[in-house]
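The values are calculated or read from the model by the stated rules, or taken from the named source; none is laboratory data. Please read all numbers here as calculations on a predicted model, not as lab measurements. Methodologically, a virtual Cβ is constructed for each residue, glycine included, from the backbone with ideal geometry; neighbour enumeration extends over all protein chains shown. For the accessible areas, the whole protein counts, side chains as well, though only heavy atoms, and no ligand, DNA or RNA atoms are used. Shrake-Rupley method; radii C 1.70, N 1.55, O 1.52, S 1.80 Å.
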Amino acid sequence: MTESPAGSVVICGLPASGKTTFLAAMWYVVFDRRDPNARLSFETLTGVDHSHLNAIMRRWLEAKEQIHTEVASGKIVSMNLTDSAGRKVRMTFPDLSGESFQEIWENRECDPQLAELLRDCDGIMMFVNADKIKRPIGVAETTQQAVGLKDGAAPAGPPVKPKDWHPKDAPTAVKLVEMLQMFRCDALDTPATRLALILSAWDTVEPENVTPEQYLASELPLLDQYLRNGPDRWDVRVYGLSAQGGSFESEEIKDDEERNERVAEIRALDDASDRIRLLTPELSKDLTEPIAWLTE
């Protein structure tokens, strides 16, 4: 009989939010025990065999962008971890592609397996790609466009048919706030109170010299206000994470010398785990820290 974990964490995030890169880096660190000071250590794996995770880990080691079909479609990946006291924690990736979470927003539907996991978790780890945030159109920009249409000359050529709006076109913050609110609805009734918000691709933000909390307030103000003052009362910790440490090799941008130099620097590291940067707010490379906090 399998012993039940003392804590359970569900990994969530829209497509291309950094979940697969995190899993690849996590597998490298915990399976090989690269960080002796990590708060949690690897015990067992369920859902896929080691070969699937080894495949995404190899791409991570080579600083290549992940091919999301590397992990079998529809597979739920669970990693069982343990702390120094022997307490067991389960970290589950219900959908690395992020399509199930997109479905929650677009169609108000939740995969039954995902729903079951959400109803039985102690914490949620939500990934947001800091380099791919879709922002809403501001009042100033809308006003400027309206003035241009009113006072400017009509554009040459035939009239352009407006693009039909689709839910996928919504700003990132709107999707995330709605998703978190739906986690609290009667149909899902997620018991988790702690939320670790992971701002991935943090290396693209570091030059701005801001904290993860400041970046959240500046770039995702709706989400920030909901988490601070919303009725769902999440206990939140915001992290900045660069699991890759910089640029990926790109098949589409082969002639970018600066990018290629950064990729070469990442590959040249003696220990690949040195590329990991987790702002907690202290700088760390312990990828298990958010999991440990969520299940304390």
Next item on the list: Look through 43, 70 and report the one residue that is open to solvent by 40 Å² or more (accessible area, probe 1.4 Å) and at pLDDT 90 or above.
Entry: 43
Next item on the list: Only residues that are in contact with a Ser or Thr (Cβ under 6 Å, 6 or more places away or on another chain) and part of a loop (DSSP other than H, G, I, E, B): list them for region 99-127, please.
Entry: 111, 121, 122
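Each row is one residue, and each column tells you yes or no for (1) open to solvent by 60 Å² or more (accessible area, probe 1.4 Å); (2) under 20 Å from the mean Cα position of the chain (by Cα); (3) modelled with pLDDT of 95 or more.
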site: 196; (1), (2), (3): no, yes, yes
site: 227; (1), (2), (3): no, yes, yes
site: 235; (1), (2), (3): yes, yes, yes
site: 246; (1), (2), (3): no, yes, no
Notebook entry, point to check: Within region 183-296, which strands (runs of 3 or more DSSP E) (wholly inside it) include 2 or more residues that are touching a Cys at 6+ places or on another chain (Cβ under 6 Å), among the aliphatic types (A, V, I, L, M) and closer than 28 Å to residue 34 by Cβ?
Noted result: none
Check: Among the residues of region 155-170, is any closer than 26 Å to residue 281 by Cα, open to solvent by less than 80 Å² (accessible area, probe 1.4 Å) and modelled with pLDDT of 90 or more?
Finding: no
Check: Do we find that residue 62 is touching a strand residue (DSSP E or B) at 6+ places or on another chain (Cβ under 6 Å), of a type in the set (Asp, Glu) and surrounded by fewer than 23 Cβ atoms within 10 Å (Cβ to Cβ) in this structure?
Finding: no
Check: Which of (1) within 20 Å of residue 58 (Cα to Cα); (2) exposed (fewer than 13 other Cβ atoms within 10 Å of the Cβ) is the odd one out, the single condition residue 266 does not satisfy?
Finding: (2)
Next item on the list: Could you look through region 91-113, keep only residues that are touching a Cys at 6+ places or on another chain (Cβ under 9 Å), of a type outside the set (Phe, Trp, Tyr) and more than 13 Å from residue 184 (Cα to Cα), and pick out the one that is modelled with the lowest pLDDT?
Entry: 95
Next item on the list: Name the residue, out of 57, 79, that is open to solvent by less than 60 Å² (accessible area, probe 1.4 Å), within 30 Å of residue 262 (Cβ to Cβ), free of Cβ contacts under 8 Å to residues at least 60 places away in the same chain and not in a helix (DSSP H, G or I).
Entry: 79
Check: Since residue 294 meets every condition but one in (1) surrounded by fewer than 21 Cβ atoms within 10 Å (Cβ to Cβ); (2) within 25 Å of residue 210 (Cβ to Cβ); (3) touching a Lys or Arg at 6+ places or on another chain (Cβ under 8 Å), which condition does it not meet?
Finding: (1)
Margin query: Suppose we filter 210, 205 for residues that are without any contact (Cβ under 8 Å) to a residue 60 or more places away in the chain, of a type in the set (A, V, I, L, M, F, W, C) and open to solvent by less than 70 Å² (accessible area, probe 1.4 Å); which single one remains?
Written below: 210
